[in-house]
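In what follows, a single structure is set out as structure tokens and then discussed.
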């Protein structure tokens, strides 16, 4: 990703995967029942070509995704060289080890010690929370 020279270019799949694997707070986009956009900052994990987001079962994010599973996730850098990847895809509930995924995400974003402490203190449970898998239909990317 060097030598872009101020020109905006699409990123390679390798560059997209690298960006989506970084611990960057991303923006989850959904659509409200009356058609308005709704955006929320979230942690995400990227694996096997899909994004995973942990949300409260009673959150607006999840209610919107249940009503309309067309969602987006924007991951970008806030410093030069600027990079961005926007996933447009479908949200689906994933059955799985919620507590384990929460710990993995917390360690990814906060580091080993703080992440484990966060996970241990979390009141989220598999009954009150959802693992949302975002299956990409399209990924728009750029670097400059």
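Points to keep in mind about this one:
- Scanning region 17-30 for residues that are touching a helix residue (DSSP H, G or I) at 6+ places or on another chain (Cβ under 9 Å) and within 21 Å of residue 93 (Cβ to Cβ) yields 26, 28, 30.
- Taking the conditions (1) in a strand (DSSP E or B); (2) touching a strand residue (DSSP E or B) at 6+ places or on another chain (Cβ under 7 Å) in turn, residue 24 satisfies each one other than (1).
- None of 112, 95, 79, 104 is closer than 16 Å to residue 133 by Cβ and either over 14 Å from the mean Cα position of the chain (by Cα) or at pLDDT below 95 (or both) except 95.
- Condition broken by residue 126, with the remaining ones in (1) within 27 Å of residue 32 (Cβ to Cβ); (2) in a strand (DSSP E or B) satisfied: (2)
- Some residue of region 98-111 being in contact (Cβ under 8 Å) with a residue 12 or more places away in the chain, within 21 Å of residue 39 (Cβ to Cβ), in contact with a strand residue (DSSP E or B) (Cβ under 8 Å, 6 or more places away or on another chain) and outside any helix (DSSP H, G or I): no
- Test: residue 88 is modelled with pLDDT of 95 or more, surrounded by 14 or more Cβ atoms within 10 Å (Cβ to Cβ), assigned to a strand (DSSP E or B) and out of contact with any helix residue (DSSP H, G or I) (no Cβ under 9 Å at 6 or more places or on another chain): yes
- Residue within region 35-51 that is in contact with a strand residue (DSSP E or B) (Cβ under 6 Å, 6 or more places away or on another chain), assigned to a helix (DSSP H, G or I) and at pLDDT 95 or above present: no
- Matching entry among 33, 37 (being over 22 Å from residue 99 (Cβ atoms), touching a helix residue (DSSP H, G or I) at 6+ places or on another chain (Cβ under 7 Å) and loosely packed, with under 12 Cβ neighbours inside 10 Å): 33
- Test: residue in region 54-74 that is in a loop (DSSP other than H, G, I, E, B) and in contact with a helix residue (DSSP H, G or I) (Cβ under 8 Å, 6 or more places away or on another chain): no
- Filtered residues of region 59-68 (kept if surrounded by fewer than 22 Cβ atoms within 10 Å (Cβ to Cβ) and more than 15 Å from the chain's Cα centre (by Cα)): 59, 60, 63, 66, 67, 68
- Some residue of region 2-9 being in a loop (DSSP other than H, G, I, E, B), exposed (fewer than 13 other Cβ atoms within 10 Å of the Cβ), in contact with a strand residue (DSSP E or B) (Cβ under 8 Å, 6 or more places away or on another chain) and touching a residue at least 12 places away in the same chain (Cβ under 8 Å): yes
The values are calculated or read from the model by the stated rules, or taken from the named source; none is laboratory data. This one's a predicted model, so the numbers in the text were calculated from it and none came from an experiment. All Cβ positions, glycine included, derive from the backbone under ideal geometry; neighbour counts span all protein chains shown.
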